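Shown next, in structure tokens, is the structure this report addresses.
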Amino acid sequence: MLIQQLIEKLEQKVQQLYQIHSAQLEEKIFTKFDRTLFSENGQTLSFYFAEINQTLIRIKSLNSNDANHYRFMTEHLFKQCNALSETLNRNNTVFTRQKRQPNPAVKKAQHSIHKLPPRERLEKYYEALEQLNNLYQQYRDSAQTKNDPIEQKRMEELANSYKCRRQKCQEAIDLLEEYLSFKDEQKSNNKTDK
């Protein structure tokens, strides 16, 4: 029963990721992924989703009593989803930044966040979510107070871009929390097995 629940949660997470980025399926991704995660680089988003789905199918078809098999495959799926999600978030951030002046300090901080251990990264994601909430609120309020329609539209567009980023940040948080919860559950299961 525990494995069936895990599979259902994994399917939900993959489906959420797919729905958020479904408009970009034919977009080419030029990030060089770790060869253990995806078989090729420079492919379309739909290619990477197909490989994630293959991993999910492998997990579903596992017929093992060894929790390590499930742990290994689940960790692989989480790594695939995280790598793809972070790449898409970075690409969207770069796209929005091209309209503004680039900030190298922010870019450096983003790269260092991805190198942190999962629990520390989760804390940083929560901080980022709070900042995105504040920026979204700030630009939304600003759009309502502007008299110039052009400036008002610009503020609304900025607010919407922060709303999108906020949603993606929440998705990354959910995925990471799910992963940490799974790891904790595995640790407690291993202790009871001994």
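The table below gives the values:
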{"quantity": "Theoretical gain in end-to-end length, Glu26 to Asp148 [0.36 nm per residue, Cα-Cα removed]", "calculated": "40.2 nm"}
{"quantity": "On Cα atoms only, tilt of 45-61 relative to the major axis of the chain in degrees", "calculated": "30"}
{"quantity": "Rounded percent of accessible protein surface that carbon and sulfur make up, segment 121-194, 1.4 Å probe", "calculated": "45"}
{"quantity": "Those chymotrypsin sites (Phe, Trp or Tyr not before Pro) in segment 1-45 that DSSP places in a loop and that have at most 10 other beta carbons within 10 Å", "calculated": "Phe30"}
{"quantity": "Mean Cβ neighbour count within 10 Å, used as a protection proxy, ranking 11-17, 83-89, 58-64 highest first", "calculated": "83-89, 11-17, 58-64"}
{"quantity": "Calculated log₁₀ intensity ratio I(q)/I(0) where the Debye formula runs over C-alpha points of the chain, q = 0.09, 0.11, 0.17, 0.19 Å⁻¹", "calculated": "-0.41, -0.59, -1.21, -1.41"}
{"quantity": "Mean Cα-pair separation over length for segment 115-169, i.e. relative contact order, pairs under 8 Å, 6 or more apart, %", "calculated": "40"}
{"quantity": "Thr44 long-range amide H proximity, modeled H, under 5 Å", "calculated": "Ile29"}
{"quantity": "Rounded to 10°, Cα long-axis angle of helix 149-193 versus longest principal axis of the chain", "calculated": "20"}
{"quantity": "Computed over the chain: relative contact order in percent, which uses C-alpha pairs under 8 Å that are six or more apart", "calculated": "19"}
{"quantity": "Average accessible surface area per residue within segment 15-67, 1.4 Å rolling probe, Å²", "calculated": "61"}
{"quantity": "Lysine pairs meeting the criterion (Cα under 19 Å, 8 or more apart or interchain), as found in segment 1-81", "calculated": "6"}
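The values are calculated or read from the model by the stated rules, or taken from the named source; none is laboratory data. None of the values given here were measured: they were computed from a predicted structure. Note that we place each Cβ from the backbone using ideal geometry, even for glycine, and neighbour counts take in every protein chain shown. We work out accessible area using only protein heavy atoms, side chains counted, and drop any ligands, DNA or RNA first. Shrake-Rupley method; radii C 1.70, N 1.55, O 1.52, S 1.80 Å.
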